[in-house]
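Bear in mind these aren't lab numbers, they're just calculated from the coordinates by the rules spelled out. All of these numbers come straight from a predicted model, not from anything done at the bench. We place every Cβ from the backbone using ideal geometry, glycine too, and count neighbours over all the protein chains shown.
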Amino acid sequence: MKRKIISMFLIITVLIAFCSFSNGAENAQLDLNQQKEEVDNKLEEANDQLEYIQGELTNTVIEIQKLDDKISNYEYQVESMGKELEELEASIETTTKNLELVTASYEKKEQLLKEQLVVMYELGELSYLDVLLSSTSITEFITTYHLLADLTEYNTKLMDDVEEQMKIIENSKQKLENEQAELKILKSKAEQTSIILKNTKTMQQAYIAKLTDDEKKVNDEIQKYKIEAALIESQIKANSSYGTAEIQNTGGTMPWPVAMTGTQITSYYGTREHPIQGIIKLHQGIDIGNVGYGAPVIAVMDGTVTHAGELGSYGNCVMIDHGNGITTVYAHGQSVLTEKGATVKKGDVILATGSTGNSTGPHLHFEVRVNGNTVDPLLFVNEPK
């Protein structure tokens, strides 16, 4: 086991040396053919050592990682339900206050209407002829006539207001009942999920307690990778626009991102085993190989550069916001040829291919994101024949 761990660290050392070599070569402007030959030798050596990694992923470590994914999912659910509870409780508070206000207004108008109806009843069925005969002058008749007309109009409006407020009260009460029932269900679900989360963490700790020192080192390396991957994911989403977009399988609305012939896809979008970590996970874009060092990478659409520089395991990376919720990501470059905030046009060169970051050789990692979420880039680009 120790020999395997030593081998694993040898891999990491080789890869670090490889990345350092790549960057140093850029500064020294070494001949690319010579650089490629030396890197290929390092890559072959690294690939020989990579065979040990899968062996280090013992069943216990794998179970811990499966539980870790479940824990992350449960934590997300608990957090989401917590926000829903806060919003629902705030809505219930608002509905309750509105109900109190409209009820108070209704009670006042209802009392006023009752008083007006009593007055009208006491007056009896007073006709306009009665008003004319009882008036001592035409002026008095006109004044009394308008007062009666205004009183009738006022009472009609008052009755309409009372009726409308009754409907508002009924709707508010129904809304309040629905929200309170929903709150009860959501609280119960949140409590159950919290218990499941706690039990899952307990189960994971039981597995961790069984790990040997060597296994703990492997598990820690995987955890570091997951944390870094999550950080990169959040940074990419933070730089994405969240408008609306219609995904259409046009197969060619974007040009091929590497502006040279002879390139090909070496890894497609979807679930795969990571070539370095040995972890089964979603590959969020496509890898374009046979590019060597320094091949021009172009913007596939007009847009604004939201990131231009180093980004963890993505290495030298460029992100472009194209509007309508579409963002593209170009990773592992040898050098960045644009800057954050720049406005780029379709076809502008933005990056030179390389092998920076978490990479086993020169290639371009290309992602298309819609509303912050990855989609298969082949929905937008054609693979060269």
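Quick one: in segment 285-318, which of the residues that are assigned to a strand (DSSP E or B) and in contact (Cβ under 8 Å) with a residue 60 or more places away in the chain is surrounded by the most Cβ atoms within 10 Å (Cβ to Cβ)? Result: 297. Only a single item in (1) at positive phi; (2) not in a strand (DSSP E or B) is not met by residue 358, and it is number (1). Which number in (1) in contact (Cβ under 8 Å) with a residue 40 or more places away in the chain; (2) in a loop (DSSP other than H, G, I, E, B) marks the one condition that residue 338 misses? (1) is the only condition that residue 338 fails. Go through segment 154-201 and report how many residues are surrounded by 15 or more Cβ atoms within 10 Å (Cβ to Cβ) and of a type in the set (Gly, Ala, Ser). Adding up the residues that qualify gives 3.
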